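**Q** The structure that follows is given in the form of structure tokens.
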């Protein structure tokens with residue numbers, strides 16, 4: 001089956017070439033205004049309107065159909081098409097001038113004894129249009145591609161953030177259910193209360209954390225509820241100190257951004273401490289600078305090399321996607337683990 005050039009017209013493309021053609025017309029009208037006598041301005045402007053309407057149509061055909069059809073595999077057809085376009089840009093434009101004269105639209109300011117002379121005189125108008133239309137088309141295409149690339153990047157980041165959230169929530173739920181299981185196994189009277197607190201946390205996670213942001217007040221509420229749930233597992237030996245200094249409780253942050261550090265302190269610190277367990281938590285937000293400090297007891301026999309679990313690794317990746325200015329550090333001491341998170345909230349991408 002022989003290949004054929006598929007011809008289709010996009011209204012947006014037509015509008016684009018119409019706008020560029022109008023800009024090209026204004027450029028030539030300005031040159032008429034500067035270089036020609038004022039009494040010729042209207043007539044010469046009409047001449048350019050007539051000529052550039054034809055040139056705009058040719059550029060649409062050339063850039064949107066001919067160039068897309070041209071290829072090395074269709075070398076002969078491509079050469080014939082390019083030759084035909086050359087004729088249309090040169091002799092065709094002169095013929096279009098003749099049509100305008102016959103319709104009394106075009107004003108003849110100069111008589112050409114030979115057709116070749118007329119073609120040579122008008123051909124630069126066509127050549128200049130190729131550069132004008134080509135450059136603007138290239139710039140607009142580049143801007144569109146850049147915008148599309150940016151949109152794809154945003155969509156990719158959003159998809160990855162959703163994936164990270166989908167990991168965080170089951171991980172959090174799994175650890176909490178383990179805690180409740182230990183209470184139920186011991187037939188503790190606190191098991192029903194722990195289930196009630198868990199349902200409250202899950203309700204919050206289901207209905208309040210679907211958006212991109214929540215208030216710092218809501219984040220503190222979920223942290224307090226989680227601490228209360230964890231404290232049910234321990235006797236009075238557990239010491240938890242949670243304090244905060246926040247200048248604006250309504251300031252928004254990404255949901256569940258701080259809870260992984262608190263969860264990490266209980267799961268990998270307090271639960272493995274043989275002596276008196278403790279957790280110190282401090283949050284400060286001033287002048288868009290968030291500082292979150294979590295310190296917890298650990299087993300003295302543990303290595304001092306920090307090995308990031310899924311919670312910390314997940315949090316670090318979320319920070320990379322959400323902010324350009326942040327610091328997440330973790331230090332393992334002889335019997336203490338310290339995690340510090342600093343975020344410039346104004347650096348949100």
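**Q** Filter region 35-45 down to the residues that are more than 46 Å from the chain's Cα centre (by Cα) and part of a helix (DSSP H, G or I), then identify the one that is surrounded by the most Cβ atoms within 10 Å (Cβ to Cβ).
**A** Taking the candidates together, the pick is 44.
**Q** Also, I was wondering about something else. Filter region 204-243 down to the residues that are surrounded by 15 or more Cβ atoms within 10 Å (Cβ to Cβ) and either part of a strand (DSSP E or B) or not assigned by TED's automatic domain parsing to the domain that holds residue 289 (or both) and list them by number.
**A** Those that are surrounded by 15 or more Cβ atoms within 10 Å (Cβ to Cβ) and either part of a strand (DSSP E or B) or not assigned by TED's automatic domain parsing to the domain that holds residue 289 (or both): 214, 215, 240, 242.
**Q** Now for a separate question. Just the residues that are buried (at least 16 other Cβ atoms within 10 Å of the Cβ) and under 18 Å from residue 283 (Cβ atoms), please, taken from region 312-331.
**A** 312, 315, 318, 319, 322, 323, 326, 328, 330
**Q** Identify, please: which residue in region 250-284 is in a loop (DSSP other than H, G, I, E, B) and closer than 18 Å to residue 330 by Cβ and is, among those, modelled with the lowest pLDDT?
**A** Out of the qualifying residues, it is 273.
**Q** Then there's this: Taking the condition out of contact with any helix residue (DSSP H, G or I) (no Cβ under 9 Å at 6 or more places or on another chain), surrounded by fewer than 17 Cβ atoms within 10 Å (Cβ to Cβ), outside any strand (DSSP E or B) and free of Cβ contacts under 8 Å to residues at least 24 places away in the same chain, does residue 334 pass?
**A** Here the answer is no, as residue 334 does not meet what is asked.
**Q** Same structure again: Under the condition of being buried (at least 16 other Cβ atoms within 10 Å of the Cβ) and more than 28 Å from the chain's Cα centre (by Cα), which residue from region 273-291 is farthest from residue 225 (Cα to Cα)?
**A** 273
**Q** Just to check your reading of the model, which residue among 67, 76, 80 is in a helix (DSSP H, G or I), at pLDDT 90 or above and out of contact with any helix residue (DSSP H, G or I) (no Cβ under 6 Å at 6 or more places or on another chain)?
**A** Exactly one residue qualifies, and that residue is 80.
The values are calculated or read from the model by the stated rules, or taken from the named source; none is laboratory data. All values derive from a computational prediction rather than experimental measurement. Using ideal geometry, Cβ is built from the backbone for each residue, glycine included, and neighbour counts are taken over all protein chains shown.
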